[in-house]
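First comes the structure, then the notes that go with it.
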């Protein structure tokens, strides 16, 4: 790499570190200060790689840390490690557009954001193009879909159409759209099967509810990833703490999805998928204890008149136990790590802007001061000193804490799901 490329790369790193949004270049500069968690992650990848050969669910990890402690940075670092090990990666952020309680929207976001090692463009198209009917991995995948998966018959039928009807490009596009989370007309499937003389081989009934179909898509595509020759599917889910701002029922559903996506629900594991979730460290105290969700969520749901709430109650309990008991907390940087990071950031700033940065100060060291605070403090001082060499900046550091106040503006109705019990809240039972 020549000098100009080095400077552009280092400037990208500084821009990312300044804004607190990690990218590959920022991760390269800082690395990670969580060696124990990284070692466990590497073990999970090795186990997932072996399990993908037999379609076993991968492991999961929930990491917790204060605001700015490096959770997003660590997820970005994990993604690059996994891509190097030939895992397909989907990095998602809980938001209004991707509410955690809606499996269909989560699935669509996971597919839209999936990154294929060594490839660009549509991940699903790339995966489908790599399916080779003569490979043993594909034969095992096809056998699983047809006989063992418990999937709706639409998956076996569309896989057959994809394998046998590759000259029908319009049909292939509709199949990929269905696999990607969108509807496909039953009549289209039957028409395609009839053209291939296979109408009698598949019985296409009424489509399952959107939620169930989304969960089945997760299972189907995760096995497809292994059949296409990759090590597995890594799901990286950031800002899980946003579920604390949902109303009661949507929080309950979100806790259930935390358990599901972490492969913690008995007999509902997603084959070949490994998950890493990130949440704020004070979520348990503020929400599970502060609102007494640990007791009230299962209690209110089990007292509800809707049978579906009974299943959500047990699943939500499992998700809350995961948050309380199985999380791994990020540790604050020690003095040696701070010095190492300071020297790296200083050298990168020098390369990015072609100057020699003077020594920079540091914010007051508190027990939980996150790395981001130090990094942005240094970069802000160097930015000002570069523009105004004679200026001595004085900066004030204020702690930012996330809000867990309920915000109904964050909620959208789950696609295709019955709205039974939407009036259920912490004080009433429908």
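Model label sites at residue 329 and residue 143, defined 7 Å from Cα along the beta-carbon direction, differ in position by 4.8 nm. Once the C-beta distance of residue 362 and residue 387 is scaled by a Förster radius of 22 Å, the resulting FRET efficiency is 0.60 to the nearest 0.05.
Computed from the C-beta positions of residue 396 and residue 19 and an R0 of 22 Å, the FRET efficiency is 0.70 to the nearest 0.05. Extension gain for the segment residue 38 to residue 187, taken as residue separation times 0.36 nm less the Cα-Cα distance, is 48.7 nm to one decimal. In percent, rounded to a whole number, the relative contact order of segment 62-150 is 18, using alpha-carbon pairs under 8 Å and six or more apart. Model label sites at residue 50 and residue 353, defined 7 Å from Cα along the beta-carbon direction, differ in position by 5.0 nm.
Expressed as an acute angle from 0 to 90° and rounded to the nearest 10, what is the orientation of the C-alpha long axis of helix 248-261 relative to the principal long axis of the chain? Its long axis makes an angle of about 80 degrees. For the chain, the antiparallel share of DSSP beta bridges with both residues in that region comes to about 10%. Extending 7 Å from Cα along the Cβ direction at residue 125 and again at residue 5 yields two label points whose distance is 2.8 nm. Between helix 371-387 and the chain there is an angle of about 60 degrees, using the helix long axis and the longest principal axis of the Cα atoms. Extension gain, residue 302 to residue 412, is 37.2 nm, computed as 0.36 nm per intervening residue step minus the present C-alpha separation. Note on residue 200 and residue 169: with the Förster distance fixed at 22 Å, the Cβ-Cβ geometry gives a FRET efficiency of about 0.30. Could you state the angle between the C-alpha long axis of helix 308-325 and the longest principal axis of the C-alpha atoms of the chain, as a value from 0 to 90 degrees rounded to the nearest 10? The angle comes out at about 30 degrees. Helices in the chain, meaning DSSP H runs of at least 4 residues, each add -39500 (n - 2.57). Divided by all residues, the mean residue ellipticity at 222 nm is -15500 deg cm²/dmol.
Every read-out reported here was derived from the displayed coordinates using simple, explicitly stated rules and does not represent laboratory data. Quantities reported herein were computed from a predicted structural model and do not represent experimental measurements. All Cβ positions, glycine included, derive from the backbone under ideal geometry; neighbour counts span all protein chains shown.
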